[in-house]
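Beneath this line is the structure, given in structure tokens, with notes to follow.
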Amino acid sequence: MKNNKMKDIVDPYGRRINYLRLSITDRCNLRCIYCSQGRNFRFLPHKEILTYEELIRLIHIGMKLGVEKVRLTGGEPFVRKGFLSFLAEIMRLFPKIDLRITTNGTLLTKDVILQLKSIGIKVINVSLDTFNREKFRRITGMDLFANVVSAISELIKNNIKTKINVVALRSINHMEVREFVRFAFENPVDVRFIEFMDLSQGGKWQEQYFFSADEIFEIIAREFSLTRELGSKDTRGPARMYKILGGRGRIGIISPLSNHFCGSCNRFRITADGRLRTCLFSEKDYRLKPILRNDKFSQETLYKIMNGAAKKKPLGYEIISRFKGNGRGMYAIGG
Ligand code: SAM
């Protein structure tokens, strides 16, 4: 592989694309009510999914274009065979990469966590919407609460930075906001509340479940004092981050429906079947797989497409009201 750096990708709003989110599978072992539960969906056939080799090629070109951070997501990344070896290979090829994973935590056994540590993974996002086993089963369709809780405590024990993602849902888990904040108060973790998004219209989106960031703040303020954190590498993402007075961890609020983040959005998403999406709320995608699978594959062609896509990267808040969704959940886009 040649290592000459190509020109960074900067969009017309001056946003430099330095963050790649790669969905490595659309398959998941959970059926969350707001994502895949009850849907009549079909997973992508295996041959449509990018191979590990193709994903590495994408990371390689991304690094040449100025990407610093890569997140692997899905679907559930740990259901894909060979995932740990893939992680090790990425770290071997790109030792300076800031490599992160978003997972539901159900498959993170002690042994897997030790392997992640030895591979050099430093930060993991775990999704968990409730501290109640029965509610967990209702939300996810599976009785795997104990696996997630034990994964979180093992990650903490092994000093792997742990961020817990909680989708806030009215009348389902909004009454647990306090308990989640307490967890972050007592443990060195980030708990990030995500506003429920309408990604699928006509699917499972139900407006009555929407619980806003303001309502979350209101609950927190009854018991805790928060101070806003600005400027650190970890506070440049979509989450507004807060320290809890006297506590060990932090709180984050992700409100994709407000526009505070779009102006500095630095990310490209690539779906498991190799479609580049420049914004969660854009219908437009760019098919990279045919280029990756072409015998005459060239990095220049890929660069041209990525650069062209960046030129058209929208401001999400300008297009969100026109967004129709694709009838599919986050598992298909890559959360
Ligand atoms: N399986 C992994 C996991 O559970 O984290 C990665 C994929 S999952 C789709 C990524 C994140 O998207 C999860 O935290 C999930 O709760 C969130 N998510 C899915 N659908 C959502 C929606 N409609 N609104 C807000 N967050 C959503």
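With of a type in the set (D, E), closer than 18 Å to A151 by Cβ and surrounded by fewer than 19 Cβ atoms within 10 Å (Cβ to Cβ) as the only criterion, which of D98, D111 stands out?
D111
Take the residues in region 173-198 that are within 12 Å of the ligand (Cβ to nearest atom) and part of a loop (DSSP other than H, G, I, E, B), then tell me which one is surrounded by the most Cβ atoms within 10 Å (Cβ to Cβ).
Within region 173-198, the match that is surrounded by the most Cβ atoms within 10 Å (Cβ to Cβ) is N173.
Return yes or no: is R21 within 14 Å of the ligand (Cβ to nearest atom) and part of a strand (DSSP E or B)? Walk me through it before giving the result.
On the way: within 14 Å of the ligand (Cβ to nearest atom): yes; part of a strand (DSSP E or B): yes.
Answer is yes for this residue.
Can you pull out the residues in region 138-170 that are assigned to a loop (DSSP other than H, G, I, E, B), under 24 Å from R240 (Cα atoms) and within 16 Å of the ligand (Cβ to nearest atom)?
Those that are assigned to a loop (DSSP other than H, G, I, E, B), under 24 Å from R240 (Cα atoms) and within 16 Å of the ligand (Cβ to nearest atom): I160, R170.
Look at region 82-119 and say how many of its residues are of a type in the set (D, E, K, R) and either under 18 Å from M63 (Cβ atoms) or within 16 Å of the ligand (Cβ to nearest atom) (or both).
The number of residues fulfilling the criteria is 5.
With the requirement that a residue be farther than 16 Å from R267 by Cα, at pLDDT below 95 and of a type in the set (V, I, T), what does region 1-56 give you?
Correct list: I33 only.
Does region 76-90 contain at least one residue that is among the charged types (D, E, K, R), modelled with pLDDT of 95 or more and touching a Cys at 6+ places or on another chain (Cβ under 9 Å)?
Checking region 76-90: at least one residue is among the charged types (D, E, K, R), modelled with pLDDT of 95 or more and touching a Cys at 6+ places or on another chain (Cβ under 9 Å).
Considering only residues that are of a type in the set (S, T, Y) and modelled with pLDDT of 80 or more, look in region 250-287 and name the one that is farthest from the chain's Cα centre (by Cα).
Checked region 250-287; the qualifying residue farthest from the chain's Cα centre (by Cα) is Y286.
Taking into account only those residues within region 288-335 that are among the small types (G, A, S) and surrounded by fewer than 13 Cβ atoms within 10 Å (Cβ to Cβ), which is modelled with the lowest pLDDT?
Among residues in region 288-335 that are among the small types (G, A, S) and surrounded by fewer than 13 Cβ atoms within 10 Å (Cβ to Cβ), the one modelled with the lowest pLDDT is S321.
Could you check region 25-48 and list, in sequence order, the residues that are within 16 Å of the ligand (Cβ to nearest atom) and in contact with an Asp or Glu (Cβ under 6 Å, 6 or more places away or on another chain)?
The initial filter retains those residues of region 25-48 that are within 16 Å of the ligand (Cβ to nearest atom), namely 25-39, 41, 43-44.
If the condition is that a residue be within 16 Å of the ligand (Cβ to nearest atom) and in contact with an Asp or Glu (Cβ under 6 Å, 6 or more places away or on another chain), then C28, N29, F43, L44 are the ones that fit.
Are there any pairs with C-beta distances below 7 angstrom linking a residue in region 83-108 that is farther than 16 Å from D26 by Cα to a residue that is surrounded by 20 or more Cβ atoms within 10 Å (Cβ to Cβ) and of a type in the set (K, R), with the two at least 6 apart or on different chains, and if so which?
Qualifying pairs under 7 Å: R100/R71.
Can you name the residue in region 49-77 that is more than 14 Å from R21 (Cβ to Cβ) and surrounded by 21 or more Cβ atoms within 10 Å (Cβ to Cβ) and, of all such residues, is farthest from the ligand (Cβ to nearest atom)?
Only one residue fits best here, namely L65.
The values are calculated or read from the model by the stated rules, or taken from the named source; none is laboratory data. All figures in this text were calculated on a predicted structure; none of them were measured in a lab. All Cβ positions, glycine included, derive from the backbone under ideal geometry; neighbour counts span all protein chains shown.
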